[in-house]
Amino acid sequence: MKIRYPSLQKQVLQGLSIPYPALPGASVDFLTDVSAYIPESVYTNHGRLNVTDASFCVVSLAYTHTNQTDFVNVQVWLPIDTWNERMMGLGGGREGGGFNCGLYPDNIMAMLGAVAEGYAAVSTDCGHTMEQDVGFASVSLNDAAIMGRSVAESFYGMQPRYSYWSGCSQGGRQGMMLAQRYPAAYDGIAGSSPAINWAEILVSGFWTQYVMNQLDSYPQSCELDYLTRMTVRYCDGMDGVGDGIVSNIDSCHFNTLGLIGMHVPCGNKTVRLSKSAAIMATAAWQGPFTRNGVHLWMGVDVVSNLTSIWSSQFSPDGTCTGLPKEPNFDLESVTHDEYVRIFHESVKEYKSLIGTDNTDLSEFRQHGGKILTFHGLADPMIPSGGTLRYHEAVARKDPDVRSFYRLFEAPGLGHCWSPSGLYPSTIGVKQDRILCPYPQRAVYDGHGESSSMDSYFCSAEDLAFHRNDL
Ligand SMILES: [Ca+2]
């Protein structure tokens, strides 16, 4: 059932009734003939999209949770006469270091993409952008799903037949949280590169900063880029195809120390590769350890862009300086034991709140829910091994996990999106390559054209995972 309006006039909506949620903060706007180009990096889990002349209604809601001081904004965007009878919830992403819930500029563009494809689109700012906020962690996400369905029903006279969640990074975590805690909120969840181990990732991201501070030596970005290039060159052929993409990162073990002193192109000059660059790369790949060698968390993917580790920033001359110091926290003076203590405190304080690694998805499954997750195998922000580890843990509880939850590892891809690597713009297919649902991997047949999809097949043989040594 579709509502058709005689003319695309804002005043047509003056008499529109949105009976529930009956909220004092609600407002209705009407946008016509909206056109925009939306890159695939923005409309995450989708391909790029040219939006032309989209017309839709924007219902804005604001509310507060009882006995809390939050103030949550939700928007529901409703296609006027092109509704596909489905709803899409759009989550946070990479923007803002992963601390955004929704309704920030990229997310708004993704809403436009969804509404242009016919979905009723819903997003929430969770009332907050701070990681310790409960609403941010979970509750507001379910609120938004309920409100979106309710507003859609008021507008179209029927509830959406299906509802989907789409997000990456923080938005991927939100999707997994919804599956774990609110199994009825969405029928389908595309939760990519999910920040499910937020408490661990947060402190692990500073491990390389800690190591560099101990060395009191900070590599230049050109040195780190050089190490990434050399690693890719060394490991490229291990998957059977010399295509500049390392598909089997578990076989890729590269000794950076052997390159110390090598000539590295750096702008219009050449520098010698420093010991700190070599150590920093290895530290990034290994992840944090205690002084006794106890592994705290996994490192970033071995072929990831080391200049994109999120605690790093570079001064104009290309030297790594680390994030600006917080006034109350001087990372430079942190000892190894203090680092370990901070790691454990982060886990203790945040894991129960925002940790999203509950492996019991049985309710979600019983509800008929489906999850698709991709994770780039060159992710410098969130180690792909965390997602793999979670998927394996779910599989131990439910051997039939792949009937409703599939993981696609995307070779060469950075965090959520990168210019190189296999971005699944339509999950399962990217250009002329295939992505295979874990535990399968794309294997080159050894004789076909390496750029042709027909030269690859999915195989589950010869899998030896070394990322799950925790
Ligand atoms: Ca390769």
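The values are calculated or read from the model by the stated rules, or taken from the named source; none is laboratory data. What you see is a predicted model, and the numbers here were worked out from it, not measured in a lab. Every residue, glycine among them, receives a Cβ derived from its backbone with ideal geometry; neighbour counts consider all protein chains shown. When the accessible area is computed, the model is the full protein with side chains, heavy atoms only, and any ligands, DNA or RNA have been set aside. Shrake-Rupley method; radii C 1.70, N 1.55, O 1.52, S 1.80 Å.
Among the residues of the range 29-64, those identified as in contact (Cβ under 8 Å) with a residue 40 or more places away in the chain and either charged (D, E, K, R) or not assigned by TED's automatic domain parsing to the domain that holds residue 111 (or both) are 40, 48.
When you check residue 145 against the structure, is it without any contact (Cβ under 8 Å) to a residue 60 or more places away in the chain and in contact with a helix residue (DSSP H, G or I) (Cβ under 8 Å, 6 or more places away or on another chain), yes or no? Spelling it out, residue 145 is indeed without any contact (Cβ under 8 Å) to a residue 60 or more places away in the chain and in contact with a helix residue (DSSP H, G or I) (Cβ under 8 Å, 6 or more places away or on another chain). Among the residues of the range 364-381, write down those that are modelled with pLDDT of 95 or more and hydrophobic (A, V, I, L, M, F, W, C). Result: 364, 371, 372, 374, 377, 378. Part of a strand (DSSP E or B) and open to solvent by less than 50 Å² (accessible area, probe 1.4 Å), is that true of residue 271? In short, yes.
Scanning the range 358-376 for residues that are open to solvent by less than 70 Å² (accessible area, probe 1.4 Å) and part of a loop (DSSP other than H, G, I, E, B) turns up 359, 361, 368, 369. Selection over the range 48-98 of residues that are touching a Cys at 6+ places or on another chain (Cβ under 7 Å), farther than 23 Å from residue 157 by Cα and in a strand (DSSP E or B) gives a count of 1.
Is there a residue being basic (Lys, Arg), more than 24 Å from residue 443 (Cβ to Cβ), outside the structural domain of residue 237 (by TED's automatic domain parsing) and assigned to a helix (DSSP H, G or I) anywhere in the range 399-418? No, the range 399-418 has no match at all. Looking across the range 212-230, just one residue is assigned to a loop (DSSP other than H, G, I, E, B) and small (Gly, Ala, Ser), and that is 217. Applying the criterion of being at pLDDT 90 or above and among the aromatic types (Phe, Trp, Tyr) to the residues of the range 173-205, the residue that is nearest to residue 44 (Cα to Cα) is 186. Could you list all residues from the range 247-268 that are away from the ligand (no atom under 16 Å from the Cβ) and either outside any helix (DSSP H, G or I) or within 30 Å of residue 453 (Cα to Cα) (or both)? Within the range 247-268, 255, 260, 261, 262, 263, 264, 265, 266, 267, 268 qualify. Selection of the range 215-246 for residues being away from the ligand (no atom under 16 Å from the Cβ) and touching a residue at least 24 places away in the same chain (Cβ under 8 Å) yields 215, 217, 218, 219, 220, 221, 222, 223, 224, 225, 226, 227.
Of all residues in the range 382-398, one or more are outside any strand (DSSP E or B), open to solvent by less than 10 Å² (accessible area, probe 1.4 Å), farther than 25 Å from residue 228 by Cβ and hydrophobic (A, V, I, L, M, F, W, C).
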